[in-house]
Amino acid sequence: MSERENARGFTLIELIVYVALLGVVLVIVSALLLNSLRTQSTVLSASEATNNGQLVLTSVDTAVRNGSGVEVSDTGKLLIARTVSGGTWVCRAWYYSSTDGGTVYTTTKTSRAAINTATATSTWTLLASRAGSGLPAIFGPVTATAPSGEAVTVSLNLDIKGQAPVTLTTTTAPRLFSTDRGTCF
């Protein structure tokens with residue numbers, strides 16, 4: 001046997017072909033990985049936005065249904081419901097600020113006079129962000145309904161990164177309509 005036949009290994013051309021094939025495989029795998037990451041980001045954004053929207057709608061629905069009255073003011077940016085908390089009548093309020101894609105704040109006070117929307121963004125509890133994309137107001141006017149006497153509509157445009165906004169709307173009414181408006185209205 002000659003020395004050349006005993007030499008084992010790859011030729012330069014074989015190595016170049018292997019490296020080229022490896023490069024093609026890596027490009028395909030990295031493209032799949034990047035696409036998966038983009039999809040994950042979109043799904044997480046949609047999930048976060050719908051969770052925020054559901055949180056706002058559930059909060060409003062629960063308080064209004066257990067309340068005795070509801071009022072919308074500040075051109076649809078402020079919703080106040082007289083509701084029961086711990087066996088006591090309180091004024092529960094939600095304030096919508098159109099900044100930062102729409103944020104919703106909430107607070108509970110003993111009277112309407114204690115509800116100060118000027119400090120809503122600094123002293124109220126942040127309930128949801130990115131909940132009103134492109135909307136000047138989210139609380140519709142109070143409408144007369146039977147048998148409870150009044151209802152309110154809440155509409156949210158949920159801002160989903162890279163997608164069209166999703167709209168959630170609900171109409172809710174107090175179960176215990178009362179002419180006693182307490183200190184909330």
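The values are calculated or read from the model by the stated rules, or taken from the named source; none is laboratory data. Because the structure is a prediction, the values reported are computed rather than measured. Cβ: placed from backbone, ideal geometry, glycine included. Neighbour counts: every protein chain shown.
Has the stretch 85-106 got any residue that is at pLDDT 90 or above, surrounded by 15 or more Cβ atoms within 10 Å (Cβ to Cβ), farther than 23 Å from residue 151 by Cβ and aromatic (Phe, Trp, Tyr)?
Among the residues of the stretch 85-106, not one is at pLDDT 90 or above, surrounded by 15 or more Cβ atoms within 10 Å (Cβ to Cβ), farther than 23 Å from residue 151 by Cβ and aromatic (Phe, Trp, Tyr), which makes the answer no.
Here's a check for you: in the stretch 99-117, which residue that is part of a loop (DSSP other than H, G, I, E, B) and of a type outside the set (Val, Ile, Thr) is farthest from residue 81 (Cα to Cα)?
Looking at residues that are part of a loop (DSSP other than H, G, I, E, B) and of a type outside the set (Val, Ile, Thr), I get 102.
Just the residues that are over 15 Å from residue 116 (Cα atoms) and either of a type in the set (Val, Ile, Thr) or without any contact (Cβ under 8 Å) to a residue 60 or more places away in the chain (or both), please, taken from the stretch 67-81.
Correct list: 70, 75.
Tell me, which residue of the stretch 60-71 that is surrounded by fewer than 22 Cβ atoms within 10 Å (Cβ to Cβ) and of a type outside the set (Ser, Thr, Tyr) is nearest to the chain's Cα centre (by Cα)?
61
Might you let me know whether the stretch 30-43 holds any residue that is of a type in the set (Val, Ile, Thr), surrounded by 11 or more Cβ atoms within 10 Å (Cβ to Cβ) and either modelled with pLDDT of 90 or more or in a loop (DSSP other than H, G, I, E, B) (or both)?
no
For the stretch 84-93, name all the residues that are farther than 15 Å from residue 114 by Cβ and assigned to a strand (DSSP E or B).
Of everything in the stretch 84-93, just one residue is farther than 15 Å from residue 114 by Cβ and assigned to a strand (DSSP E or B), namely 84.
If you check 165, 174, which single one turns out to be under 18 Å from residue 90 (Cα atoms) and modelled with pLDDT of 70 or more?
174
Taking the stretch 118-129 only, how many residues are surrounded by 14 or more Cβ atoms within 10 Å (Cβ to Cβ), at pLDDT 85 or above and not in a strand (DSSP E or B)?
The total comes to 1.
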